[in-house]
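The values are calculated or read from the model by the stated rules, or taken from the named source; none is laboratory data. Please read all numbers here as calculations on a predicted model, not as lab measurements. Quick reminder, even Gly has a Cβ in these numbers, built from the backbone with ideal geometry, and neighbours come from all protein chains shown.
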Amino acid sequence: MKLLHVALSACALFASASSVSSQVGQGLLDPNVATKEELAQLPGMTEPIVTALMEQRPFANAPALDAFLVAQELGEDARQALYAKAFVHANVNTADAATLMLIPGVGKRMAHEFDEYRPWKNWKQFEKEIGKYVDEPEVARLKQYLFIPLDLNAATDADFMTIPGVGKRMAHEFEEYRPWKSKAQFEKEIGKYVDEPEVARLWRYMVIDA
C-alpha cells in the first residue's frame, strides 16, 4: 500500500508539472492555422477578408495581423472584438508595449508589468506575479494571448503540442534532432518537413537555452 501511495503521488506530481510547463497560452483561435470556416465565424470577417488572410498568412506576429486588418478597413472596435476570439500569440519575453496593448484590456500599466518581470520562465511565475494586479480569471484570460518560448532541448511533446498547428509527428521531429545548436540547424532540419514560412512561424515559439 505504501508503494502504491508513493506511485500515485509521483503521478499526481508529474501531472501537475505538465500542466504548468505548457508554454503557449490556450483558448483562442490562431489565425495562422485556423480553417476557412473558423475564420468566417470571427467578428468582422467577410469572405474577401478571409480569402486574403489565408493567402497572406502566416503573420509573423500580432502587429503584422493588425496591419493586415487595418488595410482591410476593419476598424478598431471590430479588431478588438476579433481579438477577443483570435490572436497571434505574443512572446511575453520580447514583445514591445505596442504589441502587448493589442491584447483587449491591456494598457500601458499592464504592458509595463509584463516587461518588469522578464525573463518569464513558466506560467506558475506569471500567475504569481500578474496575480498581484488582477484576479485569477483575468490572469487566465491574459495567458491566452501569450507564450513563453519553449526550450528546444528540454520541452516535452505536451509542451510542443501547445503550439498552434503542431501535432505528435512534428513534436517528435523537434525531439529527434536534439541537441539543437542553432537557428540555422532548425531551419535545415525542420525545413525537410514544412516550407520556409512555416519554419519561421514555428521558430518564433522556440529558444535554445545554453
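See the values below:
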read-out	value
Identity of the residue in the stretch 116-127, in a helix (DSSP H, G or I) and either within 14 Å of the chain's Cα centre (by Cα) or of a type in the set (K, R) (or both), that ends up surrounded by the most Cβ atoms within 10 Å (Cβ to Cβ)	W123
Residue in the stretch 170-182 that is over 30 Å from E76 (Cα atoms) and touching a Gly at 6+ places or on another chain (Cβ under 9 Å) present	no
Within the stretch 128-143, considering residues that are surrounded by 15 or more Cβ atoms within 10 Å (Cβ to Cβ) and not aliphatic (A, V, I, L, M), the one farthest from Y205 (Cα to Cα)	E129
Only one of A155, A81, A95 that is among the aliphatic types (A, V, I, L, M) and part of a helix (DSSP H, G or I)	A81
Residue check, T46 loosely packed, with under 14 Cβ neighbours inside 10 Å, at pLDDT 95 or above and either under 22 Å from V194 (Cβ atoms) or in contact with a Gly (Cβ under 9 Å, 6 or more places away or on another chain) (or both)	no
Condition check for L69: without any contact (Cβ under 8 Å) to a residue 60 or more places away in the chain, under 19 Å from the mean Cα position of the chain (by Cα) and on the phi < 0 side of the Ramachandran plot	no
Residues satisfying the stated conditions in the stretch 158-186, i.e. under 16 Å from V33 (Cα atoms) and among the hydrophobic types (A, V, I, L, M, F, W, C)	F160, M161, I163, V166, M170
Pairs, first within 19 Å of N61 (Cβ to Cβ) in the stretch 19-36, second of a type in the set (K, R) and modelled with pLDDT of 95 or more, C-beta under 7 Å, six or more apart	G25/K143; L28/K85; L29/K85; P31/R57; N32/R57; N32/R201
Residue within the stretch 160-168 that is surrounded by fewer than 18 Cβ atoms within 10 Å (Cβ to Cβ), basic (K, R) and either touching a Gly at 6+ places or on another chain (Cβ under 8 Å) or assigned to a loop (DSSP other than H, G, I, E, B) (or both) present	no
